[in-house]
1. If the only charges are +1 at each Lys and Arg Cβ and -1 at each Asp and Glu Cβ, what is the size of the charge dipole of the chain around the Cα centre, to the nearest 20 debye?
2. Of all the accessible heavy-atom surface of the chain, with the other protein chains kept in place and a 1.4 Å probe, what percent is carbon and sulfur?
3. In a Gaussian network model over the chain where Cα atoms closer than 10 Å are linked, find which of Ser21, Ser105, Ser56 has the largest mean-square fluctuation.
4. How much space per residue, in cubic angstrom, does the convex hull of the C-alpha atoms of the chain take up?
5. If each residue of separation counts as 0.36 nm, what is the full-extension length gain between Ser84 and Gln3 once their alpha-carbon separation is subtracted?
6. Which order do Thr77, Thr99 take when ranked by solvent-accessible area (1.4 Å probe, heavy atoms of all protein chains), largest first?
7. Just how far, in whole angstrom, is the stretch 17-34 from the stretch 52-122 if you go by their alpha carbon centroids?
8. If each residue of separation counts as 0.36 nm, what is the full-extension length gain between Ser122 and Thr68 once their alpha-carbon separation is subtracted?
Amino acid sequence: QVQLVESGGGLVQAGGSLRLSCAASGISFTRYTMGWFRQVPGKEREFVSAITWSGSITYADSVKGRFTISRDTAKNTVYLQMNSLKPEDTAVYYCAALTIGTVYSTKSYAYWGQGTQVTVSS
């Protein structure tokens, strides 16, 4: 059974930092591309970043230069370091495991975590 558990969300002031973690069980990061998405109420879930099984990394333009995705294969955990946070980064952040398709589409991901709330105050 695949399980993804996010943690690390919280309330932070604009300009601050947070590090999200996604611990996985039932899958191996050496075989899956892992992605981070975020969603605000009333809007579609949007792509934030992804790291492939081979280590290739992709970022949304909105977070490029501020967010860093990484992974620890020994711990089967993927991270999202978020710096220089802005109020518009406020959302529920989800990690997901890609099974087939492009990293940008939610439809490509079969496994999802429950999400962690990130709130950035101005």
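1. Working: 11 positive and 7 negative charges, 29 e Å.
The calculation lands at about 140 debye.
2. On the way: 3010 of 6270 Å².
With neighbouring chains kept in place, the figure for the chain is 48 percent.
3. Of the options given, Ser56 has the highest mean-square fluctuation.
4. Details: hull volume 11.4 nm³, N = 122.
Taking only Cα atoms, the chain has a hull volume of 93 Å³ per residue.
5. On the way: separation 81, 0.36 × 81 = 29.16 nm, distance 2.99 nm.
Computed gain between Ser84 and Gln3 is 26.2 nm.
6. Values: Thr77 15, Thr99 70 Å².
Reading off the accessible areas and sorting them downward yields Thr99, Thr77.
7. 9 Å
8. Details: separation 54, 0.36 × 54 = 19.44 nm, distance 2.21 nm.
Net length gain for the segment: 17.2 nm.
The values are calculated or read from the model by the stated rules, or taken from the named source; none is laboratory data. Bear in mind that the values here come from a model prediction, so they are computed numbers and not experimental data. Neighbour counts are summed over all protein chains in view; Cβ atoms, including those assigned to glycine, are modelled from backbone coordinates with ideal geometry. What goes into the accessible areas is simple: the full protein's heavy atoms, side chains included, and nothing from ligands, DNA or RNA. Shrake-Rupley method; radii C 1.70, N 1.55, O 1.52, S 1.80 Å.
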